[in-house]
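Bear in mind these aren't lab numbers, they're just calculated from the coordinates by the rules spelled out. Everything numeric in this text was worked out from a predicted model, so none of it was measured. So basically every Cβ, Gly included, is an ideal-geometry build from the backbone, and we count neighbours across all protein chains shown.
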Amino acid sequence: MSALVRPVTQLLGVVFVLLGIAGFFMGDMVFIFEVNTIHNVVHLATGLVALWAASAGKERMFLTVFGVIYAAVAFVGFTSGGDVLGLFHANDADNYLHAVVALVCIVLGTSRKG
């Protein structure tokens, strides 16, 4: 699993940068996911931090912190009817995606080096 840490971090970086950019051009929905300006900026910033982490050898730290944050976002999204701290609305697709991404990130971020 250790071999996946850098490529997954790089993939997350690219995907989140692309999602952040796409959100500015696709309106309130990017495919099945709800977005707004704040959500787009968060995706863009997350992607840029992921790419930096992958290039600076900080993948595990990024994956662990990012995983915990996204787990919290998923929890808040599921328990608040989708209103995430008044910043953006997350639909069910967003919430499930946040939960799956959080789980993958936490597992990889805390996996043993080897």
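Quick notes on this one:
- P(r) of the chain over all Cα-Cα pairs, binned every 10 Å from zero, in whole percent: 16, 46, 31, 7, 0
- Normalised contact order of the chain, rounded percent, pairs of Cα under 8 Å and 6 or more residues apart: 31
- At R0 = 30 Å, FRET efficiency that the Cβ-Cβ distance of residue 100 and residue 56 yields, to 0.05: 0.70
- Leading residue at positive end of dipole, the chain (Cβ point charges), from 91, 40, 3: 3
- Degrees between helix 5-25 axis and first principal axis of the chain (Cα, 0 to 90, nearest 10): 20
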